[in-house]
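Notes follow the structure.
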Amino acid sequence: MTKIEEIKNKGLDIEWNMTIPANKINVILDKKYHDLSLNIKIPGFRPGKVPREILKRQFGKAVFSEVLDKVLKDTSTKALEEKKIKPAGQPKVDLKTYGEDKELEYVMSVTELPKIDTKGIANIKFDQYSVKIDASETDKRIKE
């Protein structure tokens with residue numbers, strides 16, 4: 001379960017400390033390595049039978065960075081939806097701790113779009129002006 005702790009909520013700026021348990025990340029890593037083993041061809045191994053250690057040695061950093069990116073996007077999006085916050089831009093993410101078999105901890109900073117009350121606009125009155133142009137004036141301008 002993702003743990004969200006609010007650090008700062010001042011004006012439109014909000015910061016949360018997010019903690020994702022290691023087992024959640026490991027489940028996604030396992031699935032990614034399994035999918036990779038099905039699609040990769042390594043000499044000496046049948047498709048789907050490549051040991052995880054060999055995959056980890058060759059593709060470990062790329063797989064982990066891909067999983068990390070996915071977890072960051074999913075958890076930050078879910079947190080914003082749960083808190084019903086519409087961000088003004090892309091949230092800023094500052095990683096604190098991460099790694100295989102470690103929990104992921106990061107600080108997410110976001111600026112919220114201001115809430116604007118539009119009820120007062122209905123009471124605004126506008127002056128309407130009408131412009132009268134003579135046909136002779138129009139003909140004169142066309143000739144010029």
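The label-point distance for residue 103 and residue 119, in a model that sets each label 7 Å from Cα toward Cβ, rounds to 4.3 nm.
Packing-based ranking of 30-37, 45-52 yields 30-37, 45-52, ordered from highest to lowest mean Cβ neighbour count within 10 Å. If only the Cβ of Lys and Arg carry +1 and only the Cβ of Asp and Glu carry -1, the dipole of the stretch 87-144 around its Cα centre is close to 460 debye. Derived scalar couplings between HN and Hα for the stretch 62-70 equal 5, 5, 5, 5, 5, 5, 4, 4, 5 Hz in order, rounded to whole Hz, by the Karplus curve 6.51 cos²θ - 1.76 cosθ + 1.60 (θ = phi - 60°), x for Gly and Pro.
What shape does the chain take by its C-alpha gyration tensor, where a ≥ b ≥ c are the square roots of the eigenvalues and a/c under 1.5 counts as rounded, a/b above b/c as prolate, and the rest as oblate? Please list the in-between numbers first.
Working: a/c = 5.10, a/b = 2.18, b/c = 2.34.
It is oblate, given that a/c is not under 1.5 and a/b is not larger than b/c.
Whole-Hz Karplus values for the stretch 112-120 come out as 7, 5, x, 8, 10, 8, 9, 5, x Hz, taken residue by residue from phi with 6.51 cos²θ - 1.76 cosθ + 1.60 and θ = phi - 60°; glycine and proline positions read x. Here the stretch 33-102 and the stretch 125-144 have alpha carbon centers that stand 67 Å from each other. Accessible surface area normalised per residue over the chain is 78 Å², counting heavy atoms of protein chains with a 1.4 Å rolling probe.
Helix 22-39 and the longest principal axis of the C-alpha atoms of the chain enclose an angle of approximately 80°.
Here the accessible area of the stretch 1-70 is 55 percent carbon and sulfur, with a 1.4 angstrom probe and all protein chains present.
The values are calculated or read from the model by the stated rules, or taken from the named source; none is laboratory data. Please read all numbers here as calculations on a predicted model, not as lab measurements. Glycine gets a Cβ as well: all are built from the backbone with ideal geometry, and neighbour counts include every protein chain shown. Ligands, DNA and RNA are stripped out before the accessible areas are found, and what is left, the full protein with its side chains, is counted by its heavy atoms. Shrake-Rupley method; radii C 1.70, N 1.55, O 1.52, S 1.80 Å.
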